[in-house]
Amino acid sequence: MKLLFPEPLFDLNHFSLSTFLYFQEEKITLTLHPTVSLLSTGCDPYRFAKLVEELNPKWKNEFLAIFQLWHNSNQMLFQTSELIKPLREEYYQTLWLVYSRNEAALQENDDLIKSTNLSHKELLDIIDVRLASQELIAHLLFEKFLEFYENKLPPREDLISQMRNKSFEESRARNIDYKELFTYCDTLFQKDNIKELLIKSYFYRIKALKDFPDILLSNERLIKFLDKIPVEFSSRKEDNEYYKNIDVIGWEIFRQLTSGYISKISPEQQAQFILQLRKINNSEVLNLKNKCLKLAEDFKGEANLNVLVKNISQHVRINTEKEITELLNIDKNKSKNIINEIFSDEKTWIALGAFVISIYTGETLLTNGAALTAMGNVAAKSFKVASESKKKIKSSDYSLIYRLKNYDDDDDF
């Protein structure tokens, strides 16, 4: 299972749909949002927000800001889900993550954060506030709501049954006054400000990393956090096996070569284009994937991330520039600019690259290799392509790049 983690798919700007081209042996797994089960409790989040507004506590504005973030993120999730819906049946699945978001887990988050010695500003730069707002609302309106009011609710099966064929308002529990929850929020928001609460809440999911072997990290900024976790580093053979999987680097080369083109297509058309490539032009996809795996072979076994980051883009540049240039039939100066743009930032090979594998906490260890990630959208700029013979294009390992670049052209080779 290739799991996009920790963020749900809020939008397509932080996810390369070329993921669905490269990984064909199994479905990509997307996580559901933290508040997915909130409404099944009978809680009325909007009634509670209205209560906060009416009682006007000192923390009103902070809570309503988080509440609005949560509301907006739900809308983003729905819109993105609709955009990629054509891919769902065959190419991806969703996973409902279950983990504690109670006060003890919140304290564990705080202890983990403090162990990294990262500054408040550094942590704010790392977290995704959309996921953080989802987690905080889940802590308050799911975990604490049930803690205070579960004895006033019918059994969950009966509650869900009662919700069927009812409007949202009709399905909410009517005998809840929310006073205990309000009092808890009063204590919580006086203890920590909104930024501190968002930071603490964001890390509820991170502790689940150890449960999944193959992760597509949705937030490349987490690398800095993972590298700061104070656990022993190991040179055990099984840890180094990670680097022998050239698929890690092959995927990143593939993504670098293709993502910029796909991201230029309108979000409404991207999923249909991916479907076309998988169903009609998949031989081209596989040819490019195999080429990327061959390019990755030179880095098989490389256990030094600094060396990997420094050398990989130059390596791919040297080994792809001539063939891509010939295929696209453009002049030398334009070719140099294109290749520079595709591989302009060597840091993207670590900041936006491969899998997170074997991340552990507690008594086990975290390797540098585990910090490799697989997201990003390197901006390969558009350029004008001269005409090329169909035979030459189809025989090239890079024919997929030609097709991606010429997505809008009427003359389909």
Could you order the peptides 283-289, 59-65 from most to least packed, using the average number of other C-beta atoms within 10 Å per residue? 283-289, 59-65
Label-point separation, Gln269 to Lys58 (7 Å along Cα→Cβ), nm: 5.5
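Among Glu220, Glu108, Glu89, Glu252, which comes first, then next, by fewest other beta-carbon atoms within 10 Å? Spell out each step's value before the answer.
Working: Glu220 21, Glu108 17, Glu89 9, Glu252 29.
With the fewest neighbours first, Glu220, Glu108, Glu89, Glu252 line up as Glu89, Glu108, Glu220, Glu252.
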Ser283 versus Leu124: modelled label distance in nm, points set 7 Å from Cα along the beta carbon direction: 5.6
Calculated on alpha-carbon atoms, Rg and Dmax of the range 35-204 in Å: 17.1, 51
Simple spin-label estimate for Arg164/Gln24, 7 Å along Cα→Cβ, in nm, reads 4.2
Going through the cross-link list Lys228/Lys291; Lys27/Lys210; Lys152/Lys179; Lys224/Lys405, which pairs have a Cα-Cα distance over 24 Å in this structure? Lys228/Lys291; Lys224/Lys405
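Values in this text are rule-based calculations from the coordinates and carry no lab data. Just so it is clear, the model here is predicted, and its values are computed rather than measured. Using ideal geometry, Cβ is built from the backbone for each residue, glycine included, and neighbour counts are taken over all protein chains shown.
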